[in-house]
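Worksheet: the structure to be examined is printed underneath.
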Amino acid sequence: ITFTLDSANRATLNVFDLLGRQVALLVDAQLPVGSYTVTFDASHLPGGVYLYQLTQGTAEDTRRMVLIK
């Protein structure tokens, strides 16, 4: 999962299943400006549709991904 921070901020990157349950917390840190790539190890999860949500300051961005096994 790739994301860019335009300003230094506290960032969290969570992964949720379609029932809204959090299945992974990938980032929870104060990060400087820049581009980041995070590896999501989904070996313990079944295939299906998941949502990942990046929160930085007061802004949130949610996207969908499909896990194919």
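The values are calculated or read from the model by the stated rules, or taken from the named source; none is laboratory data. Keep in mind that what you see is a predicted model, and the values were worked out from it rather than measured. Ligands, DNA and RNA are stripped out before the accessible areas are found, and what is left, the full protein with its side chains, is counted by its heavy atoms. Shrake-Rupley method; radii C 1.70, N 1.55, O 1.52, S 1.80 Å.
When you go through 4, 12 one by one, which is the residue that is among the hydroxyl-bearing types (Ser, Thr, Tyr), open to solvent by 60 Å² or more (accessible area, probe 1.4 Å) and within 26 Å of residue 68 (Cα to Cα)?
The match here is 4.
Name the residues in the range 9-49 that are among the charged types (D, E, K, R) and assigned to a loop (DSSP other than H, G, I, E, B), would you?
Start the filter on the range 9-49 by keeping residues that are among the charged types (D, E, K, R), which leaves 10, 17, 21, 28, 41.
If the condition is that a residue be among the charged types (D, E, K, R) and assigned to a loop (DSSP other than H, G, I, E, B), then 21, 41 are the ones that fit.
Could you tell me whether residue 67 is open to solvent by 70 Å² or more (accessible area, probe 1.4 Å), aliphatic (A, V, I, L, M) and more than 12 Å from the chain's Cα centre (by Cα)?
So residue 67 does not fit the description; no.
Which ones in the range 34-64 are more than 16 Å from residue 12 (Cα to Cα) and open to solvent by less than 40 Å² (accessible area, probe 1.4 Å)?
Matches in the range 34-64: 42, 45, 48, 50.
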